[in-house]
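Have a look at the structure below, then the notes.
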Amino acid sequence: MNQENAIEVRKMSKHFKVEYDRANTLKERLIFWKSGNYEIKEVLKDISLDIKKGETVALIGTNGSGKSTLLKLMTKIIYPNQGTIETDGKLTSLLELGAGFHPDFTGRENIYFNASIFGLTHQEIDQRIDQIIEFSELGENIDNPIRTYSSGMYMRLAFSVAINVDAEILLIDEILAVGDQHFQDKCFDKLEELKNSDKTIVIVTHSLDVVKKLCDRAIWIYKGEFKLDGDPTYVIDEYLKQVEKDHHNERRKAIESGKEKVKGIVFVDRPRDFSTFSKNEQTLFCAGWELSNSDDAQLMITLDGEPIKDVVRTPRQDVYDAYAETYLGFIDKNTLGWQVSIPLHQYDPGSHKLKVFNRLNETILAEKEIVFTIE
């Protein structure tokens with residue numbers, strides 16, 4: 001193992017055997033011994049990577065990509081089917097906060113139980129218990145049974161124990177959303193403090209802002225395979241592009257199979273309904289936005305039934321932020337908006353109808369009609 005590395009993973013693969021209709025009794029085993037039905041689920045495939053001493057590294061990917069499994073393999077909770085994982089240094093993991101807590105014992109008693117799981121002696125815990133209690137902010141509640149704690153108090157105590165263990169390698173799995181905002185900020189500050197020391201930190205999280213602020217590197221695991229490793233901003237950008245592409249493909253298949261309906265939205269910001277304009281203004285500026293979950297939908301704008309040409313598509317970051325999750329993969333923030341200019345001198349005084357709609361073939365997905373008056 002390279003002396004510069006804290007963790008080395010070489011050609012590592014992991015699979016699980018998923019059994020169906022499993023026999024639960026000896027009688028069932030004897031009667032149905034030939035009917036066992038199972039599936040081999042490959043979770044990680046041929047992973048190789050190095051994490052250097054003192055680095056703070058994030059593992060990112062969608063749910064089910066194998067991130068947490070890789071972290072458990074690093075802690076040796078489970079073992080690979082192929083390849084090797086080596087670590088150099090005392091290792092502490094925050095995979096399941098509160099593992100080892102007993103509800104009938106007090107918070108103080110559980111500190112001793114939980115810290116001993118992390119390898120501390122009774123004397124070492126004595127030296128740190130005041131620091132742990134202070135960090136948890138539990139005050140007098142520390143001498144109450146754990147069963148009386150709220151979920152936030154429980155998590156704060158568990159994090160306080162784990163974060164105050166003196167380890168060279170710290171593995172963290174989705175536990176940064178601990179307690180209220182004040183305590184989350186406190187936890188983040190503590191991790192920054194550890195990052196600026198000589199600790200090696202590996203984080204699994206869906207909080208991409210945390211990855212950008214805290215981590216030196218990001219490693220993207222995609223469907224169990226090593227996809228990309230490098231600067232967090234770049235890796236996250238590529239990861240989000242893939243998420244958008246995958247979401248688009250999934251939604252399109254759902255629409256084609258009839259599980260999901262094609263839909264759209266149109267909106268007119270200007271002009272307002274029943275507004276009045278003078279011919280002296282010469283030009284009426286119209287603007288709005290539209291979106292749909294179909295690649296083939298078209299924006300149409302008509303005035304008194306006649307199509308308006310020269311529609312300009314414009315950026316709308318506000319609309320994208322509001323609808324990105326629902327319409328992910330189907331919308332582009334740079335073309336969500338639309339603008340047209342209508343020469344008022346070409347139209348007679350009186351009421352006029354501006355109609356905006358998105359259409360898929362002959363089907364109207366959504367429409368908006370605005371009536372305005374020219375004097």
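The values are calculated or read from the model by the stated rules, or taken from the named source; none is laboratory data. No experiment lies behind these values; they were computed from the predicted model shown. Cβ: placed from backbone, ideal geometry, glycine included. Neighbour counts: every protein chain shown. All accessible areas refer to the heavy atoms of the entire protein, side chains included, with ligands and DNA or RNA removed. Shrake-Rupley method; radii C 1.70, N 1.55, O 1.52, S 1.80 Å.
The table below lists the values:
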read-out: Residues located in segment 203-237, provided they are among the β-branched types (Val, Ile, Thr), in contact with a Ser or Thr (Cβ under 7 Å, 6 or more places away or on another chain) and not in a strand (DSSP E or B); value: VAL211
read-out: Flag if VAL356 is within 30 Å of ARG252 (Cβ to Cβ), hydrophobic (A, V, I, L, M, F, W, C) and in contact with a strand residue (DSSP E or B) (Cβ under 6 Å, 6 or more places away or on another chain); value: yes
read-out: Counted residues, segment 66-114 - those being open to solvent by less than 40 Å² (accessible area, probe 1.4 Å), assigned to a loop (DSSP other than H, G, I, E, B) and farther than 23 Å from ALA6 by Cα; value: 3
read-out: Options LYS11, LYS34: the member that is modelled with pLDDT of 95 or more and either open to solvent by 80 Å² or more (accessible area, probe 1.4 Å) or in a helix (DSSP H, G or I) (or both); value: LYS11
read-out: Some residue of segment 282-289 being at negative phi, exposed (fewer than 14 other Cβ atoms within 10 Å of the Cβ) and not in a helix (DSSP H, G or I); value: yes
read-out: Subset of segment 109-155 [of a type in the set (Asp, Glu) and either under 25 Å from ASP189 (Cα atoms) or in contact with a Ser or Thr (Cβ under 6 Å, 6 or more places away or on another chain) (or both)]; value: GLU124, ASP126, ASP130, GLU134, GLU137, GLU140, ASP143
read-out: Any hit, segment 261-269, residues being small (Gly, Ala, Ser) and touching a strand residue (DSSP E or B) at 6+ places or on another chain (Cβ under 7 Å); value: yes
read-out: In segment 311-322, residue farthest from the chain's Cα centre (by Cα) [restricted to those that are farther than 18 Å from ARG359 by Cα and part of a loop (DSSP other than H, G, I, E, B)]; value: PRO315
read-out: Residue count for segment 323-372, restricted to those that are under 18 Å from ASP273 (Cα atoms), assigned to a strand (DSSP E or B) and open to solvent by 40 Å² or more (accessible area, probe 1.4 Å); value: 8
read-out: Total residues in segment 133-183, condition open to solvent by 40 Å² or more (accessible area, probe 1.4 Å) and among the small types (Gly, Ala, Ser); value: 4
read-out: Top-ranked residue in segment 199-222 [being modelled with pLDDT under 95 and among the charged types (D, E, K, R); ranked as most open to solvent (accessible area, probe 1.4 Å)]; value: LYS213
